[in-house]
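**Student:** This is the structure I want to talk about, given as structure tokens.
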Ligand SMILES: *Cc1c(COP(=O)(O)O)cnc(C)c1O
């Protein structure tokens with residue numbers, strides 16, 4: 001038994017024939033940059049998300065950078081970010097000469113603690129980056145209310161939660177990434193919707209922002225060789241778009257199998273002393289990009305090595321909060337003491353969860369965790 005954290009090759013074999021056809025078609029056409037598959041995928045993904053515009057780009061980090069540029073943010077502006085996340089959002093804010101304002105997260109959902117956003121806002125604050133971490137949406141309704149009240153832009157970093165849905169108090173249901181001014185996503189191979197290389201996209205319902213994003217991702221050109229604004233070069237390869245068109249059809253099915261695996265963990269690990277299971281919020285579905293438990297008795301690293309000795313991989317997402325990262329710690333503004341994020345960094349452990357994980361592998365993982373915690 002060789003348990004893997006993710007199994008991209010196993011999953012590929014399920015779609016092998018369709019992928020071969022799709023890839024060969026691009027090879028036969030020879031339009032490797034901005035081929036027809038790129039627009040076709042963007043239209044199909046927009047319709048899946050029920051949003052007006054999908055602007056493909058090179059990766060999820062570029063998508064975040066382009067979103068900040070498209071919104072017209074400037075050097076010296078402040079952008080609110082969560083303390084516990086993948087660093088890309090903080091990095092692009094800093095890269096553009098803006099100040100990341102770090103807000104603590106909710107200990108149960110791992111997402112930005114909406115109750116702590118308002119006191120972090122200053123006259124320089126222009127935007128909030130809401131990262132939907134591990135497969136679950138931030139609490140968007142109150143977050144959007146705060147943003148509206150203070151005239152702030154909302155960018156959703158949806159690299160990890162494609163396919164999750166949020167329910168508003170009036171019953172309206174929306175896809176993750178489609179609730180703010182701009183959503184961004186990554187098609188990095190392990191993400192919920194992924195290609196076989198780098199890829200990303202911006203999501204918006206605003207025609208002006210979509211046009212800005214499109215121009216910025218193509219060297220600021222509206223017309224070839226006429227540069228209207230300063231942009232960058234960030235494209236989704238035609239080959240990757242062809243892969244994504246195939247994989248989009250599998251997204252719902254794959255999500256359901258991963259949710260079944262999460263339910264089995266929930267049942268199997270229920271009541272194990274010292275372990276907190278992922279919390280499901282009342283307002284969002286969970287697509288389990290990660291199944292992340294908390295080991296509350298200081299035994300996290302011990303459990304990780306024990307599992308490793310039994311051939312079970314596990315990962316620490318993330319070992320260090322953003323405000324303690326060497327690259328950012330001089331740059332960030334910290335309005336309130338950050339206590340939850342560092343605690344999470346010391347207690348979280350993500351277990352293997354993917355479409356190819358078998359029931360017997362999972363039982364072995366659950367058994368092994370119980371043995372250790374006994
Ligand atoms: C993966 C990821 C990114 C960056 O995406 P890339 O395509 O690797 O640039 C940004 N934010 C979050 C939350 C991510 O998980």
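We did not get these values from a lab; they are worked out from the coordinates using the rules stated. This one's a predicted model, so the numbers in the text were calculated from it and none came from an experiment. Virtual Cβ from ideal backbone geometry, glycine too; neighbours counted across all protein chains shown.
**Student:** Rounded, prolate or oblate: which fits segment 91-153 when a ≥ b ≥ c are the square roots of the eigenvalues of the alpha-carbon gyration tensor, with rounded for a/c under 1.5 and prolate only if a/b beats b/c?
**Tutor:** It comes out oblate by the Cα gyration axes.
**Student:** How do 157, 170 rank when sorted from fewest to most other Cβ atoms within 10 Å of their own Cβ?
**Tutor:** In order of increasing Cβ crowding within 10 Å: 170, 157.
**Student:** Tell me, how many Å apart are the Cα centres for segment 270-298 and for segment 6-20?
**Tutor:** So the two Cα centres are separated by 29 Å.
**Student:** Of the peptides 250-260, 187-197, how do they stack up when ordered by the mean number of other Cβ atoms within 10 Å, highest first?
**Tutor:** 187-197, 250-260
**Student:** Which distance in nm do the two modelled labels at residue 27 and residue 207 give, with both placed 7 Å along the Cα-to-Cβ direction?
**Tutor:** 4.2
**Student:** What order, most packed first, do the peptides 342-349, 294-301 have when packing is the mean number of other Cβ atoms within 10 Å of each residue?
**Tutor:** Taking the mean over residues of other Cβ atoms within 10 Å, the ranking is 342-349, 294-301.
**Student:** For the chain, modelled as a Gaussian network with Cα springs under 10 Å, which listed residue fluctuates most, 240, 16, 160?
**Tutor:** Result: 16 has the largest fluctuation of those listed.
**Student:** Taking Cα centroids, how far is segment 108-136 from segment 56-106 in Å?
**Tutor:** 12
**Student:** Given the options 31, 125, 185, state which has the largest fluctuation in a GNM of the chain using a 10 Å cut-off (strictly under) for Cα springs.
**Tutor:** It is 31.
**Student:** In what order do 328, 168 fall by count of nearby beta-carbon atoms within 10 Å, going from fewest to most?
**Tutor:** 168, 328
**Student:** If you don't mind, another one. Suppose R0 equals 45 Å. What FRET efficiency, 1/(1 + (r/R0)^6) with r the Cβ-Cβ distance, do residue 221 and residue 266 give to the nearest 0.05? Walk me through the numbers before you get to the answer.
**Tutor:** Working: r = 50 Å, r/R0 = 1.11.
It comes to 0.35.
**Student:** Is it possible to state the helix-based mean residue ellipticity at 222 nm for the chain, with each DSSP H run of 4+ residues giving -39500 (n - 2.57), the sum divided by total residues, to the nearest 500 deg cm²/dmol? What is it?
**Tutor:** -11500 deg cm²/dmol
**Student:** Further question on the same structure: Where a ≥ b ≥ c are the square roots of the eigenvalues of the C-alpha gyration tensor, would you call segment 77-216 rounded, which needs a/c under 1.5, or, failing that, prolate if a/b is larger than b/c, or oblate?
**Tutor:** In terms of gyration-tensor shape, rounded.
**Student:** Sticking with this one: How much length is gained if the chain between residue 229 and residue 151 is pulled fully straight, taking 0.36 nm per residue apart and subtracting their Cα-Cα distance, in nm to one decimal?
**Tutor:** Numbers: separation 78, 0.36 × 78 = 28.08 nm, distance 2.48 nm.
Full-extension gain reported as 25.6 nm.
**Student:** Among 69, 15, 215, determine the one that fluctuates most according to a GNM of the chain built with springs between C-alpha atoms less than 10 Å apart.
**Tutor:** In the Gaussian network model the winner is 15.
**Student:** When the Debye formula is applied to the Cα atoms of the chain, each taken as the same point scatterer, what base-10 log of I(q)/I(0) results at q = 0.06, 0.08, 0.15 Å⁻¹?
**Tutor:** Evaluating at q = 0.06, 0.08, 0.15 Å⁻¹ gives log10 I(q)/I(0) of -0.23, -0.41, -1.36.
**Student:** Additional query: Restricting to the chain, what percent of DSSP beta bridges are antiparallel, rounded to 5?
**Tutor:** Roughly 60 percent of the DSSP beta bridges within the chain come out antiparallel.
**Student:** Checking the a/c ratio against 1.5 first, then a/b against b/c, what shape does the Cα gyration tensor give for segment 179-229?
**Tutor:** In terms of gyration-tensor shape, oblate.
**Student:** Another one. Based on the Cβ-Cβ distance of residue 9 and residue 39, what FRET efficiency does E = 1/(1 + (r/R0)^6) give at R0 = 22 Å, to the nearest 0.05? Let's see the in-between values first.
**Tutor:** Working: r = 29 Å, r/R0 = 1.33.
For R0 = 22 Å, the calculated efficiency reads 0.15.
**Student:** How do 21-28, 200-207, 279-286 rank on mean C-beta neighbours within 10 Å, highest first?
**Tutor:** Final packing ranking: 200-207, 279-286, 21-28.
**Student:** Next question. So for the pair residue 249, residue 363, with labels modelled 7 Å out along Cα→Cβ, what separation do we get in nm?
**Tutor:** For residue 249 paired with residue 363, the spin-label model returns 3.5 nm.
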